[in-house]
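The values are calculated or read from the model by the stated rules, or taken from the named source; none is laboratory data. Just so it is clear, the model here is predicted, and its values are computed rather than measured. Here the Cβ positions follow ideal geometry from the backbone for every residue, glycine too, while neighbour counts run over all protein chains shown. The area values use the complete protein model at the heavy-atom level, side chains included, leaving out ligands, DNA and RNA. Shrake-Rupley method; radii C 1.70, N 1.55, O 1.52, S 1.80 Å.
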Amino acid sequence: CMQTLHTAREPISLTFKWKNCDLEVLNFFWLPLAANQADHADLAVVTNQGIEVFRLSFEQHAAKSTKAFPTPARLCWVEPLSGMVLVCSGNRTLQPFDLKAKAPKLPKFDLVLGRDQVIEAHDVAVMPIYDATFCIHADSMNGRVSLRNISNPQQGTPEHDIVIDVTPDDTPVGRLRLSNVDNLLVVHRLDKRASMVFDIRHKDRSLVPCISGPSSVDYGLDVGADKGWGGWRFLSGSTIVDDSSGRVHRLKVDMGAVLRDFLDRTPNDLSIAMQLLLRRTDCREHIVWTLRRALGLKPCLNDWAQAFSVLNQAYRQSIEAISQRAPSGPGRQTTVSLQELEA
């Protein structure tokens, strides 16, 4: 049953479609609200028997089952912002569901694992990065991280997978954990107590190189380093739960440090640096700093031209996006102010 904020009211009971006595709830979350949705909310509940969606009516103070998808589930991962659910039905078989789609059940697939290896909860994460939701497999045995698009069936095939080598020689690296901050994938190596930062849209030919790290995570607390890493649980997104201290942290990326590390690796790619920064939030100061730094290095005119071509294209796209949001009609806005661009 569900408790409400009005403690004087009775709890709302949930009646599942499956009556199995060993029913176990694995996870649950509220589905994203639709436009002008004010009279109800939808709750998705994942059990070992399947997925069921309940509609909670605020006025009637009742919950009604609206959708049910029977599927055996040993483990599950959820992504509430996109309404995605990924269930593990066997040793290595994964089944994604997009609960916002008309046909939620998507094609299942198998992870490539070693002999006698079984998927564990910490081996997989479901995260939104840019405009897609990915199933991310942290393969500690082979030192790589693999991403599969599970929100777009046309992109969810092996030839579209993104494979990141954490080590160059495919050697075991110990336990890997994952975070996502500002569309940057952060891979944590627990054996080294160090993290590596990747941008899946920054590629060197077909490879996704590390743009920063390995570096330590500064948690700002007066605890030992082994204690800090040993008691951490890396949840989807940027949340870290420290069981040893009873604290919950939000991981942040120091974009200034990432930028300096990136420029040390690729000192002459001014246009690439502009593209990297434009994909981040609130990076105008870093863009200005990078351009000032380039003045001292005196790159060739072609490098300047490519960099400002990237900036001008982003500027035009911002103007067009703001203009399209303006109401249509005779008095439609024909100019865009700098204040609007900076908002």
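Annotations
- For the chain, the longest principal axis of the C-alpha atoms and the axis of helix 301-325 are separated by about 40°.
- The residue among Ala103, Trp304, Gly256 whose Cα reaches farthest toward the positive pole of the charge dipole of the chain, with charges on the beta-carbon of Lys, Arg, Asp and Glu, is Ala103.
- Among the chymotrypsin sites (Phe, Trp or Tyr not before Pro) in the stretch 103-144, those placed in a DSSP loop whose Cβ has at most 13 other Cβ atoms within 10 Å are Tyr130.
- The stretch 16-70: chymotrypsin sites (Phe, Trp or Tyr not before Pro) in DSSP coil with no more than 11 other Cβ atoms inside 10 Å: Phe58
- For the chain, the longest principal axis of the C-alpha atoms and the axis of helix 255-265 are separated by about 60°.
- For the stretch 77-213, the solvent-accessible area works out to 45 Å² per residue, with a probe of 1.4 Å and every protein chain left in place.
- Dipole magnitude for the chain: about 460 debye, using +1 per Lys or Arg Cβ and -1 per Asp or Glu Cβ, origin at the Cα centre.
- Among Ile322, Ile119, Ile150, residue whose mean-square fluctuation peaks in a GNM of the chain (springs only between Cα atoms under 10 Å): Ile322
- Violating pairs (Cα-Cα greater than 31 angstrom) within the set Lys67/Lys252; Lys64/Lys108; Lys19/Lys108; Lys17/Lys252: Lys67/Lys252; Lys17/Lys252
- Choice from Arg115, Arg189, Arg292 showing the highest fluctuation, given a GNM over the chain with Cα pairs closer than 10 Å: Arg115
- Each residue, Asp161 and Val248, gets one label point 7 Å from its Cα in the Cβ direction; the gap between the two is 3.3 nm.
- Nearest 10 degrees, 0 to 90: helix 284-297 Cα axis against the chain principal axis: 30
- Accessible surface of the chain, 1.4 Å probe, proportion on carbon and sulfur as whole %: 50
- Note on the chain: GNM, Cα springs under 10 Å; of Gly246, Gly213, Gly114, the largest mean-square fluctuation is that of Gly246.
- Scanning the chain for GluC sites (Glu not before Pro) in DSSP loops with at most 14 neighbouring Cβ atoms within 10 Å leaves 121-343 as the longest stretch between them.
- At most 14 other Cβ within 10 Å, DSSP loop - trypsin sites (Lys or Arg not before Pro), the stretch 1-90: Arg9, Lys17, Lys19
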